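Read the figures in this text as sums done on the coordinates, not as results from a lab. Bear in mind the structure is a predicted one, so any value in this text is a computation, not a measurement. No Cβ is skipped: glycine too gets one built from the backbone with ideal geometry, and neighbour counts run over all protein chains shown.
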Amino acid sequence: MEKMLNQFSIDSQIVIAALKEYLAQSSSGQGPAISQRPAEELIQTLDLQRHLTAGDLTGDVLQRFVGDYLRETTRLHHPGFLAHQVAAPHPTGALGSLIDGLTNNAMAIYEMGPAATSIEYFMINWMLQKTGWRTVETARQLDPNSDHAGGALTHGGSLANLTALLAARGAKVPDFWQHGNPGNLVVLVPEQSHYSLKRAVAMLGIGEANCLRICADSAGRIDPRGLARQVVDLQQQGRRCFAIAANACGTAAGLYDPLHAVADICQEHNIWLHVDAAHGGGALVSRRLRHLIDGIERADSVVWDAHKMLCTPTLCAAVLVRQHQHLDGAFEQEASYLLHDKEQPGFDFISRTVECTKAGLGLKLFMTLAGLGEAGLESHVDRLVETARRAATLIAAQDDFEVAIEPETNIICFRSGESDAEQLEIRSALLNKGNFYISSTEYRGARWLRLVFMNHQTTLDTIEELLEEIREIRSGLAVPSS
Ligand SMILES: *Cc1c(COP(=O)(O)O)cnc(C)c1O
């Protein structure tokens, strides 16, 4: 025992020291943002089989392994990391991951993690308040006659989207639990929506062909007039649209759909409104950006990822519903309250999630927020968006670059050169060099380079350097004169 404790003390210091060095270097732009050696080579370099057999991962050996591992990471704290909507996590939040890993309080039920469950409950209420919904004290949490809001944390926004659509079907088509889906169900999703929505509809057994795209305006946002016509057309065909999803914001270009107009249509036709705010929910913590997401309070369900704009380590996503009963109704028709029918000091989340065993997700979010402070979180979000908007202005001012649309949040689509193929070649050349890691996307029928601003090390200077590197790449590409 004594030996194990000593070893833990020494080894954890080794790991923390290595991480500190890593954080310092990545943040100051050292090491590539990305470098992808072949998997087979890495398995060799990291000496995986030998460590597995020897069971020797302690002391100097551990130190070497951690060093090797960190060298081969994609560096999210690096100023050149501009590729994906994943937080460069706050170190205090990362300590939450460590605490959760060691204590392993798999808190699907209260008794398996009273502190973890209480924190999840507390953070859900924090998110519900930001959404503009009613919270309630724990004792009345399960009162079926109360119409307060509710929610749960899940392992990611994709699972949260699935859960939200399950809740929608439970509420609008309650008979499905016994008898399966009627054959005429339809879900409408925005043109720019994340693939997990379509996938969720297919998983619900409704059929991918019945997940229809909503008419979009020229920027790709939901066109409310087109949507209203679509709903009426579907009704006339005898098809039943029970849920409509709106983006806040969309994945490709980061645009917010007009939530009030969509909510009006849902209200008129008794359709469930789901708002996918996995990324753009960040606007809920910012007084400057809150207007972008106005109307979210009229949704029936909302998905909001903390591991995107809220600086929290993966994974930590929330599925929130305006009326708490609907979340339990997602998984059971009547009996859900029986699960809770025992005397206990806290609340079991198990009936509200696909997962049974669940990590202490709330701890990571809480520790991130408590490390930053609420004001710190607000300025984090504000600064990311501000930098992106200024970068877009800078890029648009260049003769040899084009910006797809003025950004509303921390996502920019831009391109240089004529062809779609060229954009992919540019991206691939950038990644090979490793100074910048960016993504690309289809948006309104063309291929764009895409930047997502996730950390404060990225400045306008970084973007100037990126543009220079793209110019160099382009001059090196054998561009045939057409
Ligand atoms: C990221 C994202 C998702 C998926 O969330 P994961 O946590 O990656 O599973 C869903 N919808 C939108 C709009 C997103 O940005």
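A few notes on this one:
- Taking a ≥ b ≥ c as the square roots of the eigenvalues of the alpha-carbon gyration tensor, the chain is classed oblate because a/c is 1.5 or more while a/b is no larger than b/c.
- Among N125, A24, L82 the positive-end extreme of the charge dipole of the chain (Cβ point charges): N125
- Separation of alpha-carbon centers, the stretch 283-308 and the stretch 394-430, rounded to whole Å: 27
- The charge dipole of the stretch 168-290, taken about its Cα centre with unit charges on the Cβ atoms of Lys, Arg (+1), Asp and Glu (-1) only, comes to about 220 debye.
- Computed about its Cα centre, the charge dipole of the stretch 41-165 is approximately 340 debye, with only Lys, Arg, Asp and Glu carrying charge at their Cβ.
- Shape of the stretch 217-373, Cα gyration tensor, a/c cut at 1.5: oblate
- Only the Cβ atoms of Lys and Arg (+1) and of Asp and Glu (-1) were treated as charged; on that basis the dipole of the chain about its Cα centre amounts to roughly 420 debye.
- Comparing Cα centroids, the stretch 17-57 and the stretch 94-158 end up 34 angstrom apart.
- A simple count of charges around G150, restricted to other residues whose Cβ falls under 14 Å of its Cβ and scoring Lys, Arg +1 and Asp, Glu -1, yields -3.
- Taking the inverse of the mean 1/r over every pair of distinct Cα atoms in the stretch 165-220 gives a Kirkwood hydrodynamic radius of 12.0 Å.
- Applying 0.36 nm per residue to the separation of E472 and S419 and subtracting their alpha-carbon distance, the gain on full extension is 17.4 nm.
- Listed pairs K130/K198; K20/K364; K20/K433; K3/K358; K172/K308; K308/K433 exceeding 22 Å between Cα atoms: K130/K198; K20/K433; K3/K358; K172/K308; K308/K433
- For the stretch 51-122: rounded, prolate or oblate by the Cα gyration tensor [a/c cutoff 1.5]: oblate
- In the stretch 96-162, Cα pairs under 8 Å separated by at least six residues give a relative contact order of 22 percent.
- The stretch 359-425: GluC sites (Glu not before Pro) in DSSP coil with no more than 13 other Cβ atoms inside 10 Å: E418
- Value of D in µm² per second that Stokes-Einstein yields for the stretch 4-92, Kirkwood Rh from Cα pairs, at 4 °C (1.567 mPa s): 90
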